[in-house]
Amino acid sequence: MNVLFLDHATDLGGAEVSLLGLMRTLDKERFAPTLACPPGTLADRARALGIPVITLGLRKLGGRSRLLALWRLWRGIRALRRVARRGRFDALHANTLRAAIYASGVAPSLGVPLVWHVRDHAVPSWARQRLLQRCEVAVAPSQFIADALGNDPKVRIVPNGIDLADVPVEGAGAAFRRELGIPSDAPVIGCLGRLLPWKGQHFFVGMAARLAPRLPQARFLVVGGALYAAPGTDYPALLKELAARLKVEDKVLFVGHRDDPLAALSAMDVVVNCSQNEPFGRVLIEAMACRRPIAAFRSGAVPEIVEDGATGVLAPFGDTAALAEAVLGLVGDPARAQALGEAGRHRVAARFTLAASTAGIESVYAELAALRQREPHP
């Protein structure tokens, strides 16, 4: 089965990291992946894996001008149709909402099944209805996302996964600390992810302000860049202003985007997640794979991944006081923190491996192949 993967991104977010893992581990005797995306890091990483890449720009459709959005959509559909027809692909797999909107204008006319990989919670109702009508399968990474789609019969739940072989060797975390000038005995509490309001780094800074007087030696790491930020917004600047206003600018370190996120997680004693309506939370399984305990808000898919009291501690969404107490309890009880980290590693090995995730997608493709045998390609 020749599968054309579609993504609009140039850089790597969690969706793109998951996509690269999927394309790398697909059974190449049964499936031949090709990626269509704009030039950039994603395209370069795919080529390095030996994946054929077709340069295709899928421009943003939002904005004030509806006519401009329709013009971009029309041009993008034309370009994608040429690509799909020329490659004689057996399926289109849209890895992002934007890619799925473009693909929904192509797949039905070519008689090619569409897989919509639902990576986002915030999907406009018109887009959800259109895509569920036009796709053959919608892949949700969590029950939370499946519920947001109304548990449509087309939805298949396939959690994201991580290859445990990618976890850095012992000492990577210590090297990361040395690079930042953090003493080896200082407690390190951190969060990792794109700097976006829904990711909740402002809650993390607020939590740091609560903890700083009680943990004077601690350092608080904010790891991530402002990928895909909306024009005219400067959330990173707002975070730094908040840290200064709360007088923790010397305690909170804004590390920026890193190409070694697992090393960053390995440097932390506690990994914190403050997202609202988290669709999955790849950073959660990455932290657990690195044997790190988690303190997080109970929101979105987080409770599906982090077992409260077993692999981490969950707090009500937005309650920075409760989150601070959870972190304080983990820092103050290293034996418990280590036990939660080990339990997290076992949970990832049992439920969130890349091999299991890829097998789930392969079963979706097998379902499409059976469908095509019953309804031959026109």
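None of the figures in this text is laboratory data; all of them are computed from the coordinates on show. These figures come from a predicted structure and were not determined experimentally. Glycine also receives a Cβ, built like all others from the backbone with ideal geometry; neighbour counts cover every protein chain displayed.
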> Excluding L246 itself, what net charge comes from residues whose Cβ is under 14 Å from its Cβ, given Lys and Arg +1 and Asp and Glu -1?
Replying inline: +2
> Roughly how large, in nm² to one decimal, is the mean projection of the convex hull of the alpha-carbon atoms in the chain?
Replying inline: 18.5
>> If I build a Gaussian network model for the chain, linking alpha-carbon pairs within less than 10 angstrom, which residue out of V222, V118, V17 has the largest mean-square fluctuation?
In response: V17
>> Taking θ = phi - 60°, what integer Hz values does the Karplus form 6.51 cos²θ - 1.76 cosθ + 1.60 yield along region 38-43, in sequence order, with x for Gly and Pro?
In response: x, x, x, 4, 4, 4
> Highest mean first, what order results for 26-37, 45-56 on Cβ atoms within 10 Å?
Replying inline: 26-37, 45-56
>> In whole Hz and in residue order, list the ³J(HN,Hα) couplings for region 159-166 that follow from phi through the Karplus curve 6.51 cos²θ - 1.76 cosθ + 1.60, θ = phi - 60°; x for Gly and Pro.
In response: x, 5, x, 10, 7, 4, 5, 7
>> Counting only other residues whose beta carbon sits under 10 Å from that of L97, what net charge do I get with K and R as +1, D and E as -1?
In response: +2
>> Skipping prolines and chain starts, which residues have an amide H placed within reach, meaning under 5 Å, of the one on L253, given they are 5 or more residues away or on another chain?
In response: F220, L221, V222
> What FRET efficiency comes out for the pair A370/T55, r = Cβ-Cβ distance, R0 = 30 Å, nearest 0.05?
Replying inline: 0.35
>> Cut-off under 14 Å on the C-alpha distance; same-chain residues fewer than 8 positions from K240 excluded. Which aspartates and glutamates are left, in chain and number order?
In response: E249, D250
> Remind me, relative contact order of the chain in percent, using alpha carbon pairs under 8 angstrom and six or more residues apart?
Replying inline: 14
> When the Karplus curve 6.51 cos²θ - 1.76 cosθ + 1.60 is applied with θ = phi - 60°, which whole-Hz ³J(HN,Hα) does each residue of region 74-90 get, with x for Gly and Pro?
Replying inline: 4, 5, x, 5, 4, 5, 5, 4, 4, 4, 5, 5, 5, x, 6, 7, 8
> Between region 59-113 and region 312-337, what's the alpha-carbon centroid distance in Å?
Replying inline: 45
>> From the gyration tensor of the Cα coordinates in region 164-233, what semi-axes in whole Å does the equivalent ellipsoid have, largest first, with each one equal to sqrt(5λ)?
In response: 24, 20, 10
> For the pair K28 and R88, what calculated FRET efficiency results from E = 1/(1 + (r/R0)^6), where r is the Cβ-Cβ distance and R0 = 25 Å, to the nearest 0.05?
Replying inline: 0.90
> Between L164 and E249, what is the label-to-label distance in nm when each label sits 7 Å out along the Cα-to-Cβ direction?
Replying inline: 4.5
> Can you give the three extents of the C-alpha atoms in region 268-317 along their principal axes, from longest to shortest, in whole Å?
Replying inline: 24, 19, 16
> Which aspartates and glutamates, on any chain, are close to K199 with Cα under 15 Å apart, when same-chain ones fewer than 8 places away are left out?
Replying inline: D120, D234, E278, D319
> Tilt of helix 334-351 relative to the longest C-alpha principal axis of the chain, in degrees (0 to 90, nearest 10)?
Replying inline: 10
>> Can you compute the modelled spin-label distance between D120 and D11, with each label point 7 Å from Cα toward Cβ, in nm?
In response: 1.7
> When the gyration tensor of region 164-351 is built from Cα positions, what are the square roots of 5 times its three eigenvalues, in whole Å, from largest to smallest?
Replying inline: 22, 18, 17
> What's the extension gain from N151 to D234 if we count 0.36 nm per residue and subtract their Cα-Cα distance?
Replying inline: 26.3 nm
> When Lys and Arg each count +1 and Asp and Glu each count -1, what net charge do the other residues less than 10 Å away from P183, Cβ to Cβ, add up to?
Replying inline: +2
> According to the square roots a ≥ b ≥ c of the eigenvalues of the Cα gyration tensor, what is the shape class of region 290-376, taking rounded for a/c under 1.5, prolate for a/b larger than b/c otherwise, and oblate for the remainder?
Replying inline: oblate
>> What distance in nm lies between label points placed 7 Å from Cα along the C-beta direction at R75 and D185?
In response: 6.2
